Amino acid sequence: MPVPTPSPKFRGFYGGTFDPIHQGHLQSALFVQQYCQLDSLDLLPCHLPPHRDSPSSSLHRAEMVRLAIAPYPQLRLNLLELSRHTPSYTVDTLEQLQQQYPGDTLCFVIGMDSLAYLTRWHRWREILTLCHLLVLARPGYSSADGDAPALLQQFGAASFTQLKRAGSGQILLLPNPPVDASATAIRGGQAPAALQISAVQAYIRQHDLYPR
């Protein structure tokens, strides 16, 4: 009797510097996983972001992510980008992930601020051949900004059900409650306590990561 072929999994990946991870990141990740019922959602700290100054040590940032997601087994830490010694380009990461998970559907999580400038990303068209994009609402940005209207007209999905019918190339706007949290404000000691993660703040103090 033939062995049944396993159904393709829907795997989510949420990249960022996470310098440090905060409630905005955490609540967004939890929302995406639950709303889309993803089989997995990995947080991907990048090693060398190509569009900003060098962040804190990758080991510290990875450990802060590990501490933040420890109570949530539906979230995972993925160290793929931290093994690199070159800038982290999303398309390169997705090519590696596709090799790692052949036959599964990849969903990459970005913010509305990133969608507005997507055509400036390295090899952006190839990104849409490798994955779907799940777009988080962000304070101060809308689907009318920048590249978003043209991209949504061509690639927009009305629902996750519609997105699931295609292997890649769909863009879905998510109805998450936007969280106005800034890693810059946390590094500067100016963010409200409610936007911080207690285990991460303890780690920051222990290692004096952001001296002022």
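If I fit a long axis through the Cα atoms of helix 23-36 and take the longest principal axis of the Cα atoms of the chain, what angle between them do I get, 0 to 90°, rounded to 10?
With both axes taken from Cα atoms, the answer is about 20 degrees.
Let a ≥ b ≥ c be the square roots of the eigenvalues of the Cα gyration tensor of the stretch 39-119; is it rounded (a/c under 1.5), or, if not, prolate (a/b larger than b/c) or oblate? Numbers along the way, then the final one.
On the way: a/c = 1.34, a/b = 1.01, b/c = 1.33.
Because its axes are fairly even, with a/c under 1.5, the stretch 39-119 counts as rounded.
When Asp180, Asp145 are ordered from fewest to most other Cβ atoms inside 10 Å of their Cβ, what list results? It would help to have the intermediate numbers written out before the result.
On the way: Asp180 12, Asp145 15.
The fewest-first ordering by Cβ neighbours comes to Asp180, Asp145.
Can you give me the angle between helix 90-100 and the longest principal axis of the chain, using Cα atoms only, in degrees from 0 to 90, rounded to the nearest 10?
60
Mind giving me the nanometre distance, one decimal, between the label points for Glu63 and Gln96, set 7 Å out from Cα along Cα→Cβ?
If labels sit at Glu63 and Gln96, their model points lie 2.2 nm apart.
Across the stretch 173-182, in residue order, what do the Karplus-derived ³J(HN,Hα) couplings come to in whole Hz, using 6.51 cos²θ - 1.76 cosθ + 1.60 with θ = phi - 60° and x for Gly and Pro?
Values per residue, Gly and Pro as x: 7, 9, x, 6, x, x, 10, 8, 10, 10 Hz.
Out of (i) 1.02; (ii) 1.00; (iii) 0.97, which label holds the value of Rg/Rh (Cα atoms, Kirkwood Rh) that was computed here?
(iii)
For labels at Gln153 and Asp208 in the simple 7 Å Cα→Cβ model, what's the distance in nm?
Between Gln153 and Asp208, the simple spin-label model gives 5.6 nm.
For the stretch 103-190, just say rounded, prolate or oblate: build the C-alpha gyration tensor, square-root its eigenvalues into a ≥ b ≥ c, call rounded for a/c under 1.5, and beyond that prolate if a/b exceeds b/c, oblate if not. Numbers along the way, then the final one.
Details: a/c = 1.81, a/b = 1.76, b/c = 1.03.
The shape class here is prolate.
Only counting other Cβ atoms within 10 Å, I'd like Leu38, Leu59, Leu136 sorted with the fewest neighbours first.
Numbers: Leu38 21, Leu59 11, Leu136 25.
If I rank by nearby Cβ atoms, fewest first, I get Leu59, Leu38, Leu136.
Roughly what angle does helix 58-69 make with the longest principal axis of the chain, taking Cα atoms, 0 to 90 degrees, to the nearest 10?
Orientation of helix 58-69: about 80 degrees from the principal axis.
Determine the relative contact order of the stretch 3-136: mean sequence separation of Cα pairs under 8 Å and six or more apart, normalised by residue count, in whole percent.
Details: 194 pairs, mean separation 38.6, N = 134.
Contact order relative to length: 29 percent.
Using the Karplus equation 6.51 cos²θ - 1.76 cosθ + 1.60 (θ = phi - 60°), what ³J(HN,Hα) coupling, rounded to whole Hz, does each residue of the stretch 37-47 give in order, writing x for Gly and Pro?
6, 5, 5, 7, 9, 9, 8, 10, x, 8, 7
Values quoted throughout were computed directly from the atomic coordinates according to the rules given, and no laboratory measurement underlies them. Fair warning: this is a prediction, and the values are worked out from it, not measured in the lab. Because the Cβ atoms are built from the backbone with ideal geometry, glycine has one as well, and the counts that use them run over all protein chains shown.
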